[in-house]
Each structure stands twice: as structure tokens, then as C-alpha cells.
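So the structure is just underneath, and the comments pick up after that.
The values are calculated or read from the model by the stated rules, or taken from the named source; none is laboratory data. Quantities reported herein were computed from a predicted structural model and do not represent experimental measurements. Here the Cβ positions follow ideal geometry from the backbone for every residue, glycine too, while neighbour counts run over all protein chains shown.
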Amino acid sequence: MRKTNGEIAAVIRERICLAGQEENLLLHEGQLATEFGVSRTPIRQVLQMLAYENLVETRSGVGTIATPLIPAQRKSDVRAFRALLMAAAQCPIPDREVPGRVIDCLRESIRLLDGAEGPDCRMIQALSAQLEALMLLVADHIVSTALRSAYWRHVRWCLHPGFGALAEAQVEFEALLQDSLRLAEAGPVQPVLNRMTDVVVGAETGWGRF
């Protein structure tokens, strides 16, 4: 069955995250179109989606590449991520109760974390589902768009060969998911949003340690 744009984006996103700091990670439209059995048009749409997340960029004379991580900016990148998490916590959706889709995403994240693939693959897939749950709880589009970009940049830093911290954070992340699911099933939005945005705020351990 042909993959949707979202499914193609998930595969490429995971590929970029797992590539670490591999230089010249080129993303050829033609090769990707052949790989996924689609025309170049949906591939361009996917790459545009990933550009919004700051995962890819286009360079003249080179093509589309994975956006490089800049070691000198690592600490400022983490500070930006923390600031955006705090901003997101202040922008809850107006619903009185957590939407069912949020609960579905959290359950999917827990399921993915226990999957059969390698630990980094499982974490990336589970983080993706958790991020979708978080996005459904944030009302401000500007904040959510910026947070999505900072979120994936943070995941990439956690997988960076020099600063790897993702695999050892699984216990912490699983606790976050279980707490979030319990709160989501209880009903009110704000407690869930507070828990889902404290993953690094005020913490210096796990995948927030830098």
C-alpha cells in the first residue's frame, strides 16, 4: 500500500535523527520518489514539511540536505527548547477535557516504546507520537510550530555521537508517558499539559541533560 505523506515524512525524519552528524546527508527527490513509489510532487511536499521543522534545508548547487547541528549553539538550542516548553504550558486548548485523540496518541507512544526495533528507533517513534499528543493540547499555532522544530532538534542532539543521551532516558520517558496517560484519562487539560512540558524544565537528567 502506498505510504501517505505523513508516513513518508516519519521515515525520513527518523533517518535524519539516526544519522547523527553525518555530513552531506543529501535527500534526492528522484531517489526518494523511487524508494517510496510516488511521484516527485509528494516528495517535495514532504521535504517542505520537514523544512518547517528545521530538519532539512536547500542549498544552492547542492540540493536538499539534513540541517546541520552546530556544536557552538548546542546550549542555546536546549535553552530555546526549554523556553518553548514553558510557553506551550501557558497555551492550553479551551476544551474542558482532554480530546480522545490525545489519549490515542499517548497509548500509541507507549506501545511503540515496547516495539521490536532498535532502542533508538523505538524512542524516535514513541517521541513522535508523544509530540502529536502535545501538539493537540497547545492552542497557539506559533508556539506549537516553533516547539515542533525545537523538539526534533533536541532529539537529534540527544542522538549526537558526542552528547548521546536518548537511549538511557527510556525509563524517564516511559514514566512521563504513563503519568500523562493517567492524567489525560482523568479529564482536565492543564495537568496533562503541565506534565508533558516538564520533560526537561527544571531537570538536568535523562534526555534533558546537557
Look at the stretch 33-45 and say how many of its residues are crowded, with 17+ Cβ neighbours inside 10 Å and either within 19 Å of residue 121 (Cβ to Cβ) or of a type in the set (Phe, Trp, Tyr) (or both). 1
Residue check, residue 50 against (1) assigned to a loop (DSSP other than H, G, I, E, B); (2) of a type outside the set (Val, Ile, Thr); (3) surrounded by 14 or more Cβ atoms within 10 Å (Cβ to Cβ), all met but one. Which one? (1)
Take the residues in the stretch 114-138 that are in a loop (DSSP other than H, G, I, E, B) and surrounded by fewer than 23 Cβ atoms within 10 Å (Cβ to Cβ); name whichever of them is modelled with the highest pLDDT. 136
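Conditions tested, residue by residue: (1) of a type in the set (D, E, K, R); (2) surrounded by 14 or more Cβ atoms within 10 Å (Cβ to Cβ); (3) in a strand (DSSP E or B).
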position	(1), (2), (3)
57	yes, yes, yes
68	no, no, no
76	no, no, no
107	yes, yes, no
Output for the stretch 57-90, where each listed residue is within 22 Å of residue 186 (Cα to Cα) and more than 19 Å from the chain's Cα centre (by Cα): 90
Just to check your reading of the model, which residue among 148, 101, 111 is farther than 25 Å from residue 187 by Cβ and in a helix (DSSP H, G or I)? 148
Apart from one, (1) assigned to a helix (DSSP H, G or I); (2) modelled with pLDDT of 90 or more; (3) among the aliphatic types (A, V, I, L, M) all hold for residue 38; the odd one out is (1)
